[in-house]
1. Checking a compactness column here: for the stretch A:120-248, what do you get for Rg(Cα) / (2.2 N^0.38 Å), N being the number of residues?
2. Under Stokes-Einstein, with the Kirkwood radius over Cα pairs standing in for Rh, what whole-number D in µm²/s applies to the stretch A:459-500 at 10 °C and 1.306 mPa s?
3. With r as the distance between the Cβ atoms of residue C:369 and residue D:2 and R0 = 30 Å, compute the FRET efficiency 1/(1 + (r/R0)^6) and round to 0.05.
4. Might you report the magnitude of the Cβ-based charge dipole of the stretch B:17-97 about its Cα centre, with Lys and Arg at +1 and Asp and Glu at -1, to the nearest 20 debye?
5. With charges set only on the Cβ (+1 for Lys and Arg, -1 for Asp and Glu), what does the dipole of the stretch C:86-180 come to about its Cα centre, in debye to the nearest 20?
6. How much net charge surrounds residue C:300 when only the other residues with a Cβ under 14 Å from the Cβ of residue C:300 are counted, with Lys and Arg +1 and Asp and Glu -1?
7. If you place +1 on the Cβ of every Lys and Arg, -1 on the Cβ of every Asp and Glu, and leave all else neutral, what size is the dipole of the stretch A:120-248 about its Cα centre, to the nearest 20 Debye?
8. Where does the Debye-calculated log10 I(q)/I(0) of the stretch A:375-524 sit at q = 0.13, 0.14, 0.19 Å⁻¹, using only Cα point scatterers of equal weight, no solvent?
Amino acid sequence: MKRYDMIIVGAGPAGLSAAIEAAKRGMKVVVYDENAKPGGQLFKQIHKFFGSKEHKAKIRGFHIGEELLAEANSLGVEVVLNAIVIGLFPEKEVTVKIDDHVEHVKGDTILIATGASENMVTFPGWTLPGVIGAGAAQTMMNLHGTLPGKKVLMLGSGNVGLVVSFQLMQAGCEVVALADAAPRVGGYGVHAAKVARCGVPFYLSHTIVKADGDEYVTGVTIGEVDKNWQVIPGTEKHFDVDTICLAVGLSPMSKLADMAGCAMEDNPAKAGFVPTVDKYGETSIPGIYAAGDVSGIEEASSAMIEGRIAGIAAAAKLGFISEEECEAEVEKQESALNGLRQGMFAPGMRGKMITETEEGVEISQNLLKKGFVSDDEIERFPGVTHNTGVHPVIECTQNIPCNPCQDACPKHCIKIGSNITALPAIDPEQKCTGCGMCVASCSGQAIFLVNEDCGDGTAEITLPYEFLPLPEKGAKGTALSRSGEAVCEAEVVNVRSAKAFDHTHLLTMKVPKEYAMKARFFKEAVKS
Amino acid sequence: MRIDEHPILGTYEKGRTVSFTFDGKELQGCEGEPIAIALKNAGVMVHRYTKKEHKPRGIFCAIGRCTDCVMIVNGKPNVRTCITPLEEGMEVRTQYGVGEKAEGGAQQ
Amino acid sequence: MNSDVLIIGSGIIGCAAAYNLAKKGVKVTVIEASSNIGNGGSVRNGGGVRQSGRDPRELPLVMYAIKNIWPNLSEMLDTNVEYHQQGNLRLGSSERHKQILDGLTERAVKCGLDVRMIDGKEAREINPYLSDAVTCASWCPTDGHANPLTATMGYYKMARRLGAHFISDEKIVELRKHKGAVRQAVAASGNVYEADRIILAAGFESRVIANTVGVDVPMQPVLLETLVTEAVSPMFWQMLGTADADFYGHQTDHGSFVFGLNSGLEPYAKPGKPVSSSIAASAACRGIMHYFPSLEGIKVVRTWAGWMDSCADHVPVISKVDECPGLILACGFTGHGFGISPAVGLVLSQLACDEETAVDLSALRYDRFAAK
Amino acid sequence: MNDRSRDIGEFVPQPDDDMIVCRCEEITKGEIRRAVHDGMFTLTEIRRYLRTGMGLCQGQTCTKLVKAIVSRELGVRPNELEPATGRAPMRPIEMKILANDKEDA
């Protein structure tokens, strides 16, 4: 029977990263993936990732996928696509369906990196065509160039719900509302803010009462819930939509580990039923590892590091590297992983109510309840300062492990320091040249360049813009506030695009100067 | 509806245009894309009617997990259209219960 | 805890006995070692309710069940057990197969069963999906099949409704005698259960439990493997088997096919948690397609494995134990307990109540293995 | 030990009992709740009795939903309920493909 040093199930971020580390150390590695394209969910992630440079921050997910794949290929990793792993049997035997047959192969080590599946909620009409998972929406738009619908209601304010809402708008859908039964936004505030400023209303403490339609979705009714998650009569709101998108969390897809006989635990901190693993990702069965979402739901960046650790540990197990080398390498990866597991959204913080930042700044309640920081709250954050001339305004208000803006500024105007989760602060001693690198580098699209007083009664605001059609210089329209409300007229005075900006265009709009700290988005007037 | 140009992804690489039939009606799609995507772009929402309650179902997960989008493809029932590539001349039919619509309107 | 009758094991045998006892108004407690009611062979079999191919010693039980219980079981249990009595085809494709089938048929006819040998053509008239490979078959029109899962859970449900007390996650490790009679069952947890009668229906685990009062039944665990397919439109209702017994099964009401498998490696499965082999389902699919080529496109959705209690002479022990008054054995069913289970449940309740049994059980006594 | 005769209260109908929970087998919330009151205290038993999670998708969509309903009915935490065991094949596989197995392709 064919024998590999390592068989990896799943060519997502964890699987590919493990393959790279194992192959780098001389191992013969095969990666099976049931999809036609490798990369797992990475190829559906078109936003820039958070993190530090080592975590591939500010690179878009699908580019990370391409990089990993190229690296794996160059190291001789065999990546087999359209390959469905049927089962994991004793003696580390894997059966895999390829084309019209089933192959039996064995691995001296095996990594289960099967990822996650989407959770669902029930409501009357939830089985109608037009009710889809957020992952389905991403697949349709980002892989197949197809709009899931014209008018969409998003249920779920976690990062998936927020990111996909933004992607829906980028693809050309109208997102009529974002609802969540939870009382507070679950995902990153910056993700929420970029959705809210486009005009999407947030309905927290709201759930779907029913979906309308006989053959497919024609509308949706949402309603406010009380403490017991019951809809309060009289609070119902109706929207005409053709699509309802569900983004209510992920569960580890751990069936294969269970079938193999790995010890399992149902751990709410890991969002479900997972194989128990040690610090190397090894399950209760020696030589069988698990990494990525299958061993606990986290970000793709964490999955990549977990994969690397498993690859390194497997290499040590089979004698490709020494124990000492393994320990040193794993320690390095672990410290990176720990870096990612910091801040307000760290795995250990799930369900905890946070009232202030590490710096002692009161958290914006408006952000948590409506998706945007209100005008009176924004001033208290260290990234928001005033100066003459053009200067950065950083509306980053929660402690998340991310720091590319600090390095992006060639003039060192932005300070985060060694604590990666610290809120970015402005160094008033340094002079901003308005180059815009910080604006384009911010994965949360939370940085603006503002000239509060151009001397003629106007102010100029430079904002990140990732939509089509791209307004041209001279375009006239409306400036929208952080809440997406039209606040004043605006004119585009500059549009900057550069390879280094990676599809984030810098739009500079001119508004009356009293709106310098209020206007945060531009909506072009419909051309007659 | 197809996305002509995407602000981040640009234009999409698509296979050549091919013809297939949906319940006997000729439709066009791109070769190699999932059948469900071609149907979606042709405005088809309902892929099947369920066995017990005869309720409509369509795309739900789009990655081959939920099996809600199954249809009869080239005579074979229960084909997951969201992950089955479209080929020239495919015969795609609405599935009723676990198979074809029975004679006389009753469903299997 | 005290009851009139204690049943160890909540497979279909234990559940059916509990139902019959509870119906009589007997205070009955059922103890299950695992977390789930109906584990073991009860939910891992092809669902056959057949007389043909059975050992003459247990034939009366199944004939009684088919005549008196199976036709009304769904109503009795308020659960659709999906019983179909549309015959059993045991298929063959060679001269060797024909010899096997001839022998089985001859023995069954001697016992008064309506079973006969047919040729491939007649088999295809009964089941048009059969391939030309089929050259002979035994045909028993009064055989059939049912759903082992709902039948087991149905017995459980009704027994519970009638007041039978079920306890799961409680492993009995020892039986104890009291003044000459078996009266107590001790659990690993330390709990002690007392009863006037103790029915031991714990599959192959019965052996170690019976050993604690000096009784042995020669049996060993053997793996059973099963596969189930997606649902398709109804094709046929016969129960199917083969001369080589490499697969057996039927299409269910639901439309899926359930097949028991036999790759020949089952007796050598490693002890512990039952694990499907990596080749059994593939081998079974080849066997199935040989006889039913039109099933080649149907998808297998699940396979599973479990232990059966294989008795030295391949028929069960259903018996009181003379030297251990109070103990009733019901084990060693060897993978064909399902079809006879309604009758076994009935006779066990009769044994426990010291009544005359509906079927003569003398050939299934525990001491048939003893010295002459 | 798990006492199957313990009092879990009466079955009380709920307005959304006709809501489909298992999409493949079209099993409703009411059917699941009723099964719990008929003694099906584990996800495996519910599955054996009602076929939840035994359809084409093999429980990939409804497992968590069923778990939530059963645990609420029993008054236990969802993670106290053991999920039904994972079985091969991980995806539906045609018989002719399964039959065509080899060691070296």
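All of the numbers you see were taken from the coordinates with simple rules; none came from a lab. Quantities reported herein were computed from a predicted structural model and do not represent experimental measurements. In this analysis, Cβ positions are derived from the backbone assuming ideal geometry, glycine residues included, and neighbour counts consider all displayed protein chains.
1. The value comes to 0.96.
2. Diffusion coefficient, whole number: 138 µm²/s.
3. Taking R0 as 30 Å, the efficiency between residue D:2 and residue C:369 is 0.25.
4. 540 debye
5. 700 debye
6. Local net charge: +2.
7. My answer is approximately 460 debye.
8. For the stretch A:375-524, the Cα-only Debye profile gives -0.53, -0.62, -1.17.
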